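The values are calculated or read from the model by the stated rules, or taken from the named source; none is laboratory data. Quick caveat: nothing in here was measured; it's all calculated off a predicted structure. When we count neighbours, we look across all protein chains shown, and the Cβ atoms used for this are built from the backbone with ideal geometry, even at glycine. These area figures cover heavy atoms from the full protein model, side chains too; ligands, DNA and RNA do not enter into them. Shrake-Rupley method; radii C 1.70, N 1.55, O 1.52, S 1.80 Å.
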Amino acid sequence: MRKALAPGDPIALACELVAVDSRNPDLVPDGPGEGACAQLLAGILHDWGFHVELQEVTRGRPNVVARIGKAGGRSLMLNGHLDTVGVERMTHAPWDPEIRDGRLYGRGSADMKGGIAAMVYAMHALRSSGFEPKGRLVSVSVPDEETSGPRGTQALVRAGLVERDAIGMLTAEPTSDAVWNGNRGVISLRVTVRGRPAHVGLHFRGVNAFRGMLRVAGRFEALERRISTRRTKHGVSSDRARHSVLLLGGEMGGGDNFNVVPDRASFTVDRRTNPEEDFGTERERLFEVLREARAEGIRCDAEVVQEGIASATPASGAFGRAFASTVRTVTGRTPRFEICPGVLETRHYAAIGIPAFAYGPGTLNVSHGPHELVSVDGLVRCAEVYALAAARLLA
């Protein structure tokens, strides 16, 4: 039987969440999914006196929803995700949380179970203080973020379970002290070129898929040269990160043996669009490359691995000004507004007109990596930011 967790202990809560293996099963073949972690979080929130809902929009992968406030007025959404990536090459036991030198180690500590703990603590602190919001503060912890959210936030939006008139949304991604007010779009393809096998001594009877792959990849390389000159005007972590991105060969495979003409060869194409680019146009350009290759007699096809549009929320809007002021009050520093180099849950909210930012205690450079950790002080500081933001926006 689970031992009750002392109400309002964010570090203990983060440890409890990290200790549960919640690898995304769509990303990791043997991943157990988020169900056990969702049940744990729901139980802890219930123990702390929250009314909790487990919304199973996707079977076996529930969302955990908790609220403070009453009907009427607008809401502020706090968003977090329970799924994690794999644990290959980790230097620390992934599900054995350890606090050392002011840091919590373990898979998901930075991305983003530490952030979820900070958000829940902020809600608990506000409620314990007697704060009565004019509206609602809503915490939503979702599955399936690491594979772009079709069974998580996207499913919630499709089901009409996101309040479209919300003041705004905050998610606790590992932003390294910045505020991410936008994200790049993404379309990732796995391209497979087909050939015909033959023994090396009779290679002339075969069709070499590897050679075909080189020709197709060459076309994508030419496209890469053209788009890499484009630069975003949004804030970024470094000037070199302004360029639009096309990454070739992040994953490759094919062939059966060194002495057999390969009958298949595959590689990935990862296209990241800046917010200024038209996503539909850029998507079509990728498939045009494949059509041109087929017209030359190359047998090739592509599987869409992930897809998501770019989005941006103006930092100069009312929500941006209020949140920047809150961060400055708590930290003493004016935050940087940048676009995330990857995709964010914020895009699902921005698409329905809700201003959305990411701000969390982790750092991107350790997320998904072998040394994942989160600063304990940073976790508590972020909780202060969330609580003060909610108090100001819902007062």
Looking at L202, is it loosely packed, with under 14 Cβ neighbours inside 10 Å, in contact with a strand residue (DSSP E or B) (Cβ under 7 Å, 6 or more places away or on another chain), modelled with pLDDT of 95 or more and not in a loop (DSSP other than H, G, I, E, B)? no
Single condition D21 does not satisfy, out of (1) open to solvent by less than 10 Å² (accessible area, probe 1.4 Å); (2) more than 19 Å from N365 (Cα to Cα); (3) modelled with pLDDT of 95 or more; (4) assigned to a loop (DSSP other than H, G, I, E, B): (1)
Being assigned to a helix (DSSP H, G or I) and farther than 25 Å from A356 by Cα narrows it down to one of R321, R294, R283, so name that one. R294
Going by the structure shown, is L247 in contact with a strand residue (DSSP E or B) (Cβ under 9 Å, 6 or more places away or on another chain), open to solvent by 50 Å² or more (accessible area, probe 1.4 Å) and either of a type outside the set (G, A, S) or in a helix (DSSP H, G or I) (or both)? yes
Lone unmet requirement of (1) crowded, with 17+ Cβ neighbours inside 10 Å; (2) out of contact with any Phe, Trp or Tyr (no Cβ under 6 Å at 6 or more places or on another chain); (3) within 28 Å of R196 (Cα to Cα) for E292: (1)
Given V304, V366, V327, V374, which one is assigned to a strand (DSSP E or B) and closer than 26 Å to R242 by Cα? V304
Identify the residue in the range 264-276 that is open to solvent by 30 Å² or more (accessible area, probe 1.4 Å) and out of contact with any helix residue (DSSP H, G or I) (no Cβ under 8 Å at 6 or more places or on another chain) and, among all such residues, is nearest to V305 (Cα to Cα). D270
The number of residues in the range 330-356 that are in a helix (DSSP H, G or I) and hydrophobic (A, V, I, L, M, F, W, C) is 2
First in the range 317-344 and farther than 18 Å from N79 by Cα and open to solvent by 60 Å² or more (accessible area, probe 1.4 Å), second anywhere and assigned to a helix (DSSP H, G or I) and modelled with pLDDT under 95, Cβ under 9 Å, 6 or more apart: P341/A241
Which one is most open to solvent (accessible area, probe 1.4 Å), of the residues in the range 129-174 that are farther than 21 Å from P361 by Cβ and outside any loop (DSSP other than H, G, I, E, B)? R158
Residues being open to solvent by 80 Å² or more (accessible area, probe 1.4 Å) and either within 19 Å of H348 (Cβ to Cβ) or more than 24 Å from the chain's Cα centre (by Cα) (or both): count how many of those fall in the range 295-308. 3
For the range 60-118, please list each of the strands (runs of 3 or more DSSP E) lying entirely inside it that holds at least 3 residues being open to solvent by less than 10 Å² (accessible area, probe 1.4 Å), touching a residue at least 40 places away in the same chain (Cβ under 8 Å) and touching a Lys or Arg at 6+ places or on another chain (Cβ under 9 Å). 74-81
For the range 48-58, which positions are surrounded by fewer than 16 Cβ atoms within 10 Å (Cβ to Cβ) and closer than 22 Å to D21 by Cβ? L54, E56
All but one of (1) over 13 Å from S188 (Cβ atoms); (2) loosely packed, with under 13 Cβ neighbours inside 10 Å hold for V261; which doesn't? (2)
